[in-house]
Structures are given as structure tokens and as C-alpha cells.
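Structure record follows, encoded as C-alpha cells.
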Amino acid sequence: MIIVEAVSVLQQRGALETWGASHELLTSDTLDHYRTFGMLEKLLLTPTKLAEEWTFQLEPAVQKMVIEKYYEFDDIVIREIIGKKLSGRTRKDLDDVAEKTGVLLRSCRRQFDNVKRIFKQVDEMPGSVVANIQSSFLLPNELAKKYASIVFIINNRFETSKRKLNYLTFEDFSVCASLMMNSWTTSTITSSFNVGADGRDDSDVDREFLMDLRDFKLLLDREKEHRNMTLSHLRGKIPDRMCTEVENNFKVYSRAIINIGCALNNTRDLRDFFVDTVEKIVDPCRQSRWKGAELEVFLQVYADAGSGLDIMNR
């Protein structure tokens, strides 16, 4: 059936006229290509073996292209996968994903299998997830970074499937995961194998870091000072209307941020990080019509003001 579909597509693209071939020859040639790919695909499951295989004497540039194409994915498909277990049942239900996204079922299965394969390979490996993916699967840096964010989200079991998160894209989660991997993970490891540029093992959130976040509750004792310092540095940087918004609702914003941060040492609260952030911070900001650039300024000033209070030496 797949061969028939492929031949039909090639005919629609004018392959018969371009090459002056008969329908039978086109079908035979297409079948040969599928047979070749069937043998090649076994090596693509472990890309490092492709360079060692003499049956397919591919140029390095061609090898790189084939591997990258095989491991490419559709963001809309991965968005549906990251909130689910990488189980056989999930794979059986991929027809729902295919229907929802408009991506062919066999492509959804390939993407699911690739995610599961990479996750199983690098999940227990120490060091940089990106480096481990690149060394094991020979993927280009940007694609390896995307897979690393997937591994991080799945490994830490972040909740991404709740209805209130439906509007968030895979890129939204990927960017957040990358930032967490850079700032929330262990910076000291015992092995030098595939460590990141800063010596970081970024596969798991640093539990000591999460425990330290509880100290930010001390900011609640100096909330008035924190508010006044934030406002004094905000004026002139964002519109007056938003300064008034901060002045009137500083307690709401500040306590939401602090309470989320202080609870992250609890496994359940860490998993619900995206849910809580959207519900307690993002949604109120959207209702107050914050613009992205304005909110970024506020959060930076808020953080700087909190640091300026030097609460740990009080």
C-alpha cells in the first residue's frame, strides 16, 4: 500500500514525464528504494554504526543528512507526546495524535520511537544531555538541544497535558526546559564524561538548589521594602499604567512567585510547575494586559530588588 501511495505521488509530480519511464519501471524503482531504506533503517536506530557499515558506502555529508532527516520531528506531534508515558499503550493511541495533528500515523510512530530510543539511551548517562545525544546519535547541535529538552521534561515528569496548558507549544516548553537545564541542574559531577561546557550534569534538577529556594520566604517579611525598591527602579522603564498595576497588586504577584519557588522541593509541586506558573502568574498577567517586554523588565527589576535586600545576611 505504501509503495502504491509513493508511486502515485511521484506520478503527480511528473516523474514519468521527467524520466521518460513507464509505470512498471517507476514502481520497480520505488520498490527498490524502499527495500534499501528498510535495510538502512536498521542502522539508523544506532547511527554510530552507519559510518562503520560497508554495505552502504555513503559519503559523510550524505550520512549526516540521512540521520538528521530520520530524527527530525514535527513540533505539533512532540507536543502531544511529552505529556504522556513512553509506553506501548501510548504508541497504540498515536492514531489520535495523527488525526489531531494531520501528520501521517507512520510518521507519528517513527517520531515516538525516536524519542523513546533517545530517552532510554541517555537517561542514565552522566553529564551533558546534549553532548550525550550527539555522541550517541550523531545529531546536529540544534536538533540535539531539542531532544535534550524532551528528555529533561519527560525525566522530571513535568505536567504538560492539563487543559489550561493547551495553548502552549512545544517550543514554549523546550525554551523553558533549556533554561532550567542551564540554571537548575547540578554544576558539580564526579565524572568528566560528556560534561557540559560549565561542568554541568543537566539531566536532573538539583535538589539542593530547590531546597535553597525555600529561603526566599524571608522576602515576605520585608515585602514593603521589596515593593518600594521595585517600584523606584521600575518607573520610567515601563508605562505608568503598568507601574500602577505593580503598585496595586505587588503582593499578589510577589507571593505567587515566592510560593511557587518555595514549594518546588516537593516532587508534586515541581511536576506542576508549568500548571502553577500559568494559573498564578501568567493568567493574571494576561488579564492585566502585560506585554512580554514589559513583564520581562518587571521580573528582572523584581529579582534585582530582592537581591538588593540581602535577606540572607539580615
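Inside region 272-300, can you point out the residues that are surrounded by fewer than 16 Cβ atoms within 10 Å (Cβ to Cβ) and farther than 18 Å from Leu234 by Cβ?
Correct list: Asp283, Arg286, Gln287.
Tell me yes or no: at least one residue of region 107-124 is farther than 24 Å from Lys42 by Cα and surrounded by 13 or more Cβ atoms within 10 Å (Cβ to Cβ).
Looking through region 107-124, none of the residues is farther than 24 Å from Lys42 by Cα and surrounded by 13 or more Cβ atoms within 10 Å (Cβ to Cβ).
How do the helices (runs of 4 or more DSSP H) wholly within region 1-93 filter down when requiring 2 or more residues that are more than 30 Å from Phe158 (Cβ to Cβ): which remain?
By residue number, 2-12, 15-19, 23-44, 60-71.
Tell me which of these Ser254 doesn't satisfy, since it passes every other one: (1) under 23 Å from Lys162 (Cα atoms); (2) free of Cβ contacts under 8 Å to residues at least 60 places away in the same chain; (3) surrounded by 13 or more Cβ atoms within 10 Å (Cβ to Cβ).
(1)
Could we say that Ser87 is hydroxyl-bearing (Ser, Thr, Tyr), surrounded by fewer than 15 Cβ atoms within 10 Å (Cβ to Cβ) and assigned by TED's automatic domain parsing to the domain that holds Leu179 here?
yes
Name the pairs: first residue in region 35-57 and among the basic types (Lys, Arg), second residue at pLDDT 85 or above, Cβ to Cβ under 8 Å, at least 6 apart or on different chains?
Lys49/Leu43
Can you pull out the residues in region 20-46 that are within 32 Å of the chain's Cα centre (by Cα) and more than 15 Å from Ile2 (Cβ to Cβ)?
Residues satisfying the conditions are Met39, Leu40, Lys42, Leu43, Leu44, Leu45, Thr46.
For region 284-306, does any single residue satisfy the condition of being in contact with a Cys (Cβ under 8 Å, 6 or more places away or on another chain), assigned by TED's automatic domain parsing to the domain that holds Phe216 and not aliphatic (A, V, I, L, M)?
Within region 284-306 (the criterion being in contact with a Cys (Cβ under 8 Å, 6 or more places away or on another chain), assigned by TED's automatic domain parsing to the domain that holds Phe216 and not aliphatic (A, V, I, L, M)), the answer is no, since none of the residues qualifies.
Can you spot a residue in region 202-218 that is touching a Ser or Thr at 6+ places or on another chain (Cβ under 9 Å), more than 30 Å from Val130 (Cα to Cα), assigned to a helix (DSSP H, G or I) and of a type outside the set (Asp, Glu)?
no
Within the set of pairs 6 or more residues apart or between chains, which connect a residue that is under 16 Å from Cys285 (Cβ atoms) and without any contact (Cβ under 8 Å) to a residue 24 or more places away in the chain inside region 217-244 to a residue that is aliphatic (A, V, I, L, M) and assigned to a helix (DSSP H, G or I) with Cβ atoms less than 9 Å apart?
Taking only residues 6 or more apart or on different chains, the pairs are Cys243/Leu231; Cys243/Leu234.
Are any residues in region 122-140 part of a helix (DSSP H, G or I) and within 16 Å of Gln63 (Cα to Cα), and if so, which ones?
Matches in region 122-140: Gln134, Ser135, Ser136, Phe137.
Residue check: is Phe216 at pLDDT 95 or above and of a type outside the set (Asp, Glu)?
No; evaluated as a whole, the condition is false for this residue.
The values are calculated or read from the model by the stated rules, or taken from the named source; none is laboratory data. Here the structure is a predicted model, which is why all the values come from computation and not from measurement. Neighbour counts run over all protein chains shown; Cβ positions are idealised from the backbone, glycine included.
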